[in-house]
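What follows is a single structure, written as structure tokens, with notes after it.
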Amino acid sequence: MTKLSLRFRIFLFFVLIALGGTAIVLGAVWLGFSRASEAGVGAGFTLTALLSSFGLVGMTVAIWLLFDENVAKPIERLAAQLRVRAHSGHDTEIDAEAARYLGDLAPAAEAVSQRLGDSALETAQAVSAETARLAQERARLTELLTEIPVAMILLNAADQIVLYDGQAAEVLAQIGVPRLNAPLSDYLAAKPFAAARAKMNKSGLDVAFEAQSVDGTLSFDARLKPLDGGGAMLIIDEAQADLPPEAARPLIYDFDLLSRDPNRAFHDTPLSELCFSVFDTETTGLLPHKDEIVQLAAVRVLNGRIVKGEVLNQLVDPGMPIPAASTKVHGVTDAMVAGAPGIAAVGAAFHQFSREAVIVAHNAPFDMAFLRRHGGAMGVSWDHPILDTVLLSAVVFGASETHTLDALCDRLGVTIPEAERHTALGDARATAEVLVRLLPMLEARGMTRFGDVIEETKRHGRLLEDLN
């Protein structure tokens, strides 16, 4: 059978339908005729109709199952594997065994994919030298900027953070977790900054002012410099910021944010322009209505890239003993959470970390149920837009595939270090890597806007109901 062409094999399905249907009808007629001689013509016709109907339906279901298992599912799986190769950068192998009844389709797909992979490798080798040179120059620039005794933050026209250096990261970290695309008002008091901003806009010159943290506990001398396009550079004296000597860290930036429209609705925003807050939790158990969070971690994805350095990772005092069975899974003990903040403080910090972002999790209803239960104590409302990588996997790979985080990582070439598996930070990073690989695959299927993806994931909501 594996040597037959795909066209001939499909032809055999139709031959089977024709022959099977004919045999069923003839058998039903013969039995109906036999019945008619005993119980009358009406009873014979009734029996013939019933037997023909049930027989044809049963045959159709059986042939559909054969077709689905040997043709439809392998084609869907083959398409998903090609999309992984084309858009995720993972050189996954074509499952020739699953596609053994598809004739030459699997070998042809493997040949094309291999050729494209070879071409991509040649191109990558051609630009690697230039990439290395640029990386070296960036490292030199970062080193030079680190030696300058100021903290520098670049803002776009909407006063959202586009760039911050190592010193600025330390300044921001004294107030909250540093975040690209975050409004400066999340860190600095609005009134002094707004007055300096207005004065700068009017004069077109640098403006010195006293910057204050939003909670009023910190203040330092700062200067605001105008930039083309309505942006500004905020410079803070390092001595005033009281930075530790080891404050040097790389530049964090995304210049695409300079031209970003901050007023565009989430549903109309292209996937490539969204900010995602990808998180995971570890808990005392699997019952969101009674168990508690013991660890919460999150990373940020911006413009399709994981932002290094923008991480939230916090142990949480659950206010109850951690069962030994749970500790065996995630490794968090009662001693580790002793003295840690409660979920009210940690949840509020994560809410701030996720401002103006789409929250992403693997099986999000489970994790979000814990957070929403304590929303009142946190003093926040969890009204963020949410994406679930379980549903994204179903959209890309089909509902019949396995959608666990391990299966997704294996399919997309994401490696979770064994020491980080079943830790909140390890699983959050893995989920973020999965998301980054899925985004171009969604766009390639025509789902370019956030609203497009939400509409498509609604078709697979049953998966989460079954999972939970």
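The values are calculated or read from the model by the stated rules, or taken from the named source; none is laboratory data. The model shown is predicted, which means the values in this text are computed figures rather than measured ones. Here the Cβ positions follow ideal geometry from the backbone for every residue, glycine too, while neighbour counts run over all protein chains shown.
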Quiz item: Of all residues in region 392-404, which are crowded, with 22+ Cβ neighbours inside 10 Å and not polar (S, T, N, Q)?
Solution: LEU392, ALA394, VAL396, PHE397, HIS403
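With region 273-362 as the region, which helices (runs of 4 or more DSSP H) entirely inside it contain at least 1 residues that are more than 29 Å from LEU180 (Cβ to Cβ)?
Numbers: elements: 324-330, 334-337, 343-353.
It comes to 324-330, 334-337.
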Quiz item: What do you reckon, is SER354 under 14 Å from ALA297 (Cα atoms), among the polar types (S, T, N, Q) and touching a Ser or Thr at 6+ places or on another chain (Cβ under 9 Å)?
Solution: yes
Practice problem: For region 333-387, name all the residues that are among the basic types (Lys, Arg) and over 13 Å from PHE276 (Cβ atoms). | Solution: ARG372, ARG373
Self-check item: Tally of residues being within 29 Å of ILE94 (Cβ to Cβ), part of a helix (DSSP H, G or I) and either among the small types (Gly, Ala, Ser) or in contact (Cβ under 8 Å) with a residue 40 or more places away in the chain (or both) across region 428-458
Solution: 19
Exercise. Kindly indicate whether any position in region 285-297 is in contact with an Asp or Glu (Cβ under 6 Å, 6 or more places away or on another chain), under 26 Å from VAL414 (Cβ atoms) and at pLDDT below 95.
Key: no
Quiz item: Say we look at region 353-391 and pick out the residues that are of a type in the set (Asp, Glu) and in contact (Cβ under 8 Å) with a residue 40 or more places away in the chain; which of these is surrounded by the fewest Cβ atoms within 10 Å (Cβ to Cβ)?
Solution: GLU356
Self-check item: Selection from region 270-281 of residues that are buried (at least 19 other Cβ atoms within 10 Å of the Cβ) and within 24 Å of GLY446 (Cα to Cα)
Solution: LEU271, LEU274, CYS275, PHE276, SER277, VAL278
Quiz prompt | Set VAL311, VAL329, VAL307: member being surrounded by 18 or more Cβ atoms within 10 Å (Cβ to Cβ) and either over 30 Å from HIS87 (Cβ atoms) or not assigned by TED's automatic domain parsing to the domain that holds ALA232 (or both) | solution = VAL307
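For (1) polar (S, T, N, Q); (2) surrounded by fewer than 18 Cβ atoms within 10 Å (Cβ to Cβ), each residue gets a yes or a no:
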| position | (1), (2) |
| --- | --- |
| ARG179 | no, no |
| TYR187 | no, no |
| ALA194 | no, yes |
| ASN201 | yes, yes |
| GLY231 | no, no |
Quiz prompt | Subset of region 365-394 [touching a Ser or Thr at 6+ places or on another chain (Cβ under 6 Å) and aliphatic (A, V, I, L, M)] | solution = LEU391
Practice problem: Return a yes/no flag: does region 32-55 have any residue that is part of a helix (DSSP H, G or I), without any contact (Cβ under 8 Å) to a residue 40 or more places away in the chain, farther than 30 Å from GLY446 by Cβ and among the basic types (Lys, Arg). | Solution: yes
Quiz item: Condition test on ALA399, is it under 30 Å from PRO74 (Cα atoms) and among the small types (Gly, Ala, Ser)?
Solution: yes
